[in-house]
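Notes follow the structure.
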Amino acid sequence: MNQLKTAFWMVLLTVLLVLIGRFWLGTGGMYLFLGIAVVMNGVAYWFSDRIALAAARAQEVGPAEAPMLHRLADRLALQYHVPKPRVYVSPDPSPNAFATGRSPSHAAICVNQGLLQILNEEELYGVLAHEFAHVRNRDILISSVIAVLAGTITMIANLAQWGLMFGGFGGRDERDSQGTGGILVGLLLIILAPIAATLIQLAVSRSREYEADHTGAEVSGDPMALASALRKLERATQVVPAQTAQPAFAHLYIVNPLSGQAFANLFSTHPPLEERIRRLEAMAAGIRR
């Protein structure tokens, strides 16, 4: 199912770029932007994990550098029956974590330095169990691809701004006939493109977070450890703003790294933390019974 969703968003990006090329540069622009779409789809599929890790300024760490991370990752790889992902640490002091990659055999898990400083081992295990759930459920492909597509849509908005500054939309033979219409299209792109990028993230993010919470808590056997971790992350991310998180990649993280921004709160890519914690507490109560 996630493979079909990924293909859908890739086709949508292609159609969007071809339409932009038509409005901006005329018939020739259609072919130019079709080529750009093909390249971006390839980059999104093959290199989205590297782009996400580079955006987080993450560095791969070995067992000697992060023994507890690797010990927990080894344990979870066995429990989930998946290959052990590569382990990365980001220098960001805002506590958070994410998983990325195109398949379980090409996966990576990244934790922020701030996360390692505020969570105990049980809570860290719960967070990693959540991220491993994304790996096993194959959420990481569509999430990583969407991150690149959202960034591309934002790039389109920036290109639209330059297009308006240097003569508006349409090819040279078509600008006069388009006139105000071309300018209106450009303005709509500038205004709506960032919102569209966020709505695309919303379409794939919220339900998978609930599922990863449930799967992670089920495998770890300790829903309250993840609930406790989420409480700590909620408080800490309000106090310590993210230094590396980009809007296009916000939906990858276990909690919204941009929660302190008004626009991000209005269109949050994550379900409410209170509801996530309530569901985990209900799971814990069921286990006790």
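Per-residue accessible area (protein heavy atoms, 1.4 Å probe) orders W46, W9 as W46, W9, starting from the largest.
Rolling a 1.4 Å probe over the heavy atoms of the protein chains gives the stretch 14-94 an accessible area of 52 Å² per residue.
Other residues lying with their Cβ under 12 Å from the Cβ of V148 contribute a combined charge of +1, Lys and Arg counting +1, Asp and Glu -1. Among the GluC sites (Glu not before Pro) in the stretch 62-124, those located in a DSSP loop and surrounded by at most 14 other Cβ atoms within 10 Å of their own Cβ are E65. FRET efficiency for M68 and V43, Cβ-Cβ distance as r, R0 = 41 Å, nearest 0.05? Efficiency, from the Cβ-Cβ distance: 0.75.
Using a probe radius of 1.4 angstrom, the carbon and sulfur fraction of the accessible surface of the stretch 1-106 is 70%.
The values are calculated or read from the model by the stated rules, or taken from the named source; none is laboratory data. Since this is a predicted model, take the numbers as computed values, not measurements. Cβ atoms come from the backbone with ideal geometry, glycine included; neighbour counts cover every protein chain shown. Areas reflect the complete protein model, heavy atoms only, side chains present, ligands, DNA and RNA absent. Shrake-Rupley method; radii C 1.70, N 1.55, O 1.52, S 1.80 Å.
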